Amino acid sequence: MADARIPLTIVTGFLGSGKTTLLREILVRPEMTDTLILMNEVAEIGIDDRLLKRLTGDTVLLDNGCVCCSVKDDLKRVLLEIAEAPPGGRAPRRIVLETTGLADPRAFLATIVGTPMIGSNIRLNGVLTLVDSVNARRNLADFPEFTGQLTVADYVLLTKADLVSPEEMTGVQAIVTKLNPAATVTDWSGLDRLCDFLNGGSQSGALLKLAETHASHHIHHHHADAHSFCITLREACDWSRFAIWLSMFVHAHGEDILRIKGILYLESGGAPVAINCVQHLVYFPEHLPLWPGEERSSVLVFILRNITQDAVMRSLNDFLARAPALEPARA
Amino acid sequence: MCGFCGIWGAKNHWSLKSSNPGVFSAQSPVERMRERYALCAILNETLRGHRLKVRDWGGEQWIVEHVSNGSEIVDSIAAVWPAAEKLSKRRVDPLERGGGNG
């Protein structure tokens, strides 16, 4: 059954990565009408007067139905208001939350995922991270915030491709994919598909492609003190057993977990289930469309610090393989 | 809130099938309790080495009980682990040999 909640996408990216340019582009696209943009300062976006319909305090209403709203300190309050009664009485079709350049998107994720009332009407669609292709290597080397923004990304938009050579662009793309193999990476030519994502389009394609690509071998990449790898589980697993293992793993090692993302092949059968985790924060699982082919396996991408792939594989395989206990606990 | 004991109930949690009706088929009250019993069984197996037992409490919370150090009532699976560590004075870590089962 389709999820009728309003998709909310967090847009993040380092200083100068092009977030404001992207938002300005989104505001004028016909398929993006009725977008609510939450940003630090509405004045920064430089809205064309011809589009402007009404300006009220921290809110700008555009002729095409889009609303831009300044969110200074109380994101939770603003989202609760939207969840309960959308501004102007009409629910937006999608919400885009723009973070400031140095912001850690994990704080926003924690607010959204950790407030059940928000989730009643608003669905966390994912994180879009913009990467400045000109300065990507330098930012990665000098700023840990950059790594944080990349590892939480579900979608990465490489900007300023016209200012770098094709070889350098390929290199930047490789860096991003190695650090976060679970993210979809595109440049400005893929804006249509990006808008699909902002509209709540499923990430299933990316995850299922990951499963197809990596199901037969382990991918292992190192960068600085973080490394990423894929684990494939051929046998169907029990959801409760997996959830307990994940909960325990996140409790014990949350500080060293940059990201866990993947799809599960469950004993209960049916469509694959997507799981997503950032440090201690585990998203509610989601159903994906049907499997693309005959292959059935769970594929999990881990981006971790200080924890080896062997340790994770051994632990997870051991835990999932244990026979269920014979006696249920008494109530 | 439980009308009998006044305890505020557990909230939705990502680990529960009953909290994910879009992913797992809607559960009857019997199926929900069956899920909680199954979770208890896995938790008890996991924490046996810590001399802990976990029981369902009112269909919404969990009691984590040490053989000699008392017990705690917690709202979610996530809260079981810090309670287990506090009561047993031992770390809970699935990467340790035995995967958390001592």
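Taking every alpha-carbon pair under 8 Å whose residues sit at least 6 apart, the stretch B:3-91 reaches a relative contact order of 22 percent. Based on every Cα atom in the stretch B:3-91, Rg and the maximum pairwise Cα distance Dmax equal 13.4, 41 Å. Averaged over the residues of A:147-157, the number of partner chain Cβ atoms lying within 10 Å of the residue Cβ comes to 0. Under unit Cβ charges (Lys, Arg +1; Asp, Glu -1), what dipole magnitude, rounded to 20 debye, does the stretch B:3-91 have relative to its Cα centre? With Lys and Arg at +1 and Asp and Glu at -1, about 300 debye.
Which FRET efficiency, nearest 0.05, do A:LEU15 and B:TYR37 yield, Cβ-Cβ r, R0 51 Å? FRET efficiency, A:LEU15 to B:TYR37: 0.45.
Given the options B:THR46, B:ASN12, B:VAL23, identify the residue whose Cα lies farthest towards the positive end of the charge dipole of the stretch B:3-91 (+1 on Cβ of Lys, Arg; -1 on Cβ of Asp, Glu). Working it through, the farthest residue towards the positive pole turns out to be B:THR46. Between the beta carbons of A:THR111 and A:ALA236, assuming R0 = 25 Å, the FRET efficiency works out to 0.15 to the nearest 0.05. Here A:PHE249, A:PHE229 are placed in order of increasing Cβ neighbour count within 10 Å, fewest first, which gives A:PHE229, A:PHE249.
For the peptides A:142-152, A:107-117, A:230-240, the ranking by packing is A:142-152, A:230-240, A:107-117, with the highest mean count of neighbouring Cβ atoms within 10 Å listed first.
Taken residue by residue and averaged, Cβ atoms of other chains lying within 10 Å of the Cβ of B:44-51 number 3. Here the stretch B:17-56 is scanned for amide nitrogen atoms under 14 Å from the site 7 Å beyond the Cα of A:ASP3 along Cα-to-Cβ, giving B:20-24.
Peptide B:12-22 has a mean of 5 when you count, residue by residue, the C-beta atoms of other protein chains within 10 Å of its C-beta. Extending 7 Å from the Cα toward the beta-carbon at both A:ARG322 and B:ARG91 defines two label points whose distance is 1.8 nm.
Since every read-out is calculated from the coordinates, none of them should be taken as a lab result. Nothing here was measured: the structure is a model prediction, and the numbers come from that model. For neighbour counting, all protein chains shown are included, and Cβ atoms are generated from backbone atoms with ideal geometry for every residue, glycine included.
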